[in-house]
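Here is the structure we will look at, set down as structure tokens.
The values are calculated or read from the model by the stated rules, or taken from the named source; none is laboratory data. Nothing here was measured: the structure is a model prediction, and the numbers come from that model. Neighbour counts are summed over all protein chains in view; Cβ atoms, including those assigned to glycine, are modelled from backbone coordinates with ideal geometry. Keep in mind that these areas ignore ligands, DNA and RNA; they rest on the heavy atoms of the full protein, side chains included. Shrake-Rupley method; radii C 1.70, N 1.55, O 1.52, S 1.80 Å.
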Amino acid sequence: MTSPANSPGDVLREITRANATIVEKFLGQLSTIGTGDIAALMRVFASADDQQLEKLRLVEERFYRGHLSLWSHLIAPTEGATIPVTQSDSRFEAPEWRLPFFRYVQQAYLLNARFLHEIGDLADLEPRAKRRLQFQLRQMADAMSPNNYAATNPEIIKLAAETGGESLAQGIKLLAGDVARGRISMTDEQAFEVGRNLAITPGSVVFENEVMQLIQYAAATAQVYEYPLLIVPPFINKYYILDLQPENSFVRFCVERGFSTFIVSWRNIPPELGHLGWDDYIEKGVFSPIEVVKAISGADKVNALGFCVGGTLLSCALAVMAARKENPVASLTLLATMLDFSETGDISAYIDRDFVER
């Protein structure tokens with residue numbers, strides 16, 4: 001049996017040593033749930049050098065000191081004192097989070113999330129593996145947030161009280177519906193219908209090929225500009241992402257201001273066309289529509305707009321045309337389009353050229 005600690009410093013050291021074992025076991029359990037990258041954290045404990053161990057000790061000490069401070073303010077608050085705030089977070093901006101208990105829950109969570117992040121930083125891994133590990137730890141931390149759970153979210157509790165529990169009953173009903181469908185719904189899927197209250201700007205298909213249909217919208221003005229507008233949307237969205245309800249339809253906005261407007265509608269590709277690649281989409285999804293729009297309008301150029309990866313495709317196509325000394329586009333507008341893929345964000349933690357080519 002160890003001798004009794006005689007000072008606060010001794011107490012903290014005892015807590016640190018005891019909890020180091022708990023943390024190690026906790027991380028060991030994480031490595032068995034299918035997230036193999038997290039197992040790399042064990043290297044911090046299993047084969048750490050003296051410098052890493054010292055860094056680990058400092059991280060743990062800050063972590064436990066933080067919790068001791070929170071506990072002391074919760075259990076024995078002094079007059080006028082409040083729980084210290086470690087950082088701000090948009091998830092906890094509602095005034096209900098300022099109540100003592102929920103402020104404690106919030107701050108304890110933020111301490112735990114920061115601890116996970118700092119432990120991940122200590123892992124001795126090559127850069128890509130370390131980035132993947134840090135990405136997983138962020139997902140874990142976000143999943144553990146108290147605002148995700150009814151019992152620890154004061155906003156949910158307040159709404160349940162105000163509605164006599166109706167908000168919780170409605171939530172359970174929506175959950176049951178998601179379970180029955182086998183997926184999580186993001187909106188009321190019965191609220192919108194294409195042609196009824198969605199994508200109602202008048203138009204018709206004027207051309208199609210293996211990968212797309214080209215829609216021309218009816219003019220809404222007596223005269224239109226000389227150069228028509230061709231819109232190339234992303235593959236993952238339906239064309240009407242830019243033609244929602246009348247009050248927020250970009251397409252309607254364009255036709256009402258005198259633009260002869262065309263948009264590409266991508267086809268859901270069947271298995272027999274699965275061999276098509278980027279070059280095919282440049283040829284059939286950009287080159288062909290440009291020529292059709294020019295032929296229909298009688299113009300020698302078009303205004304082109306690309307959205308998201310549609311903008312990436314359009315930019316690649318125009319680069320090819322420029323190399324061919326062709327210049328069929330009078331203006332180019334890009335919305336939320338990535339052109340430099342040297343830094344792609346979190347997706348690069350799991351997807352690289354080797355992964356895609358396999």
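Things worth noting here:
- Residue within segment 245-257 that is at negative phi, free of Cβ contacts under 8 Å to residues at least 40 places away in the same chain and in contact with an Asp or Glu (Cβ under 9 Å, 6 or more places away or on another chain) present: yes
- Residues that are β-branched (Val, Ile, Thr), open to solvent by 20 Å² or more (accessible area, probe 1.4 Å) and within 11 Å of residue 282 (Cα to Cα), drawn from segment 292-330: 320
- Residues satisfying the stated conditions in segment 136-149, i.e. open to solvent by less than 50 Å² (accessible area, probe 1.4 Å) and part of a helix (DSSP H, G or I): 136, 137, 140, 141, 146, 147
- Out of 240, 225, one residue alone is out of contact with any helix residue (DSSP H, G or I) (no Cβ under 9 Å at 6 or more places or on another chain) and either part of a loop (DSSP other than H, G, I, E, B) or not aliphatic (A, V, I, L, M) (or both). It is 225.
- Test: residue in segment 308-322 that is touching a residue at least 24 places away in the same chain (Cβ under 8 Å) and within 30 Å of residue 125 (Cβ to Cβ): no
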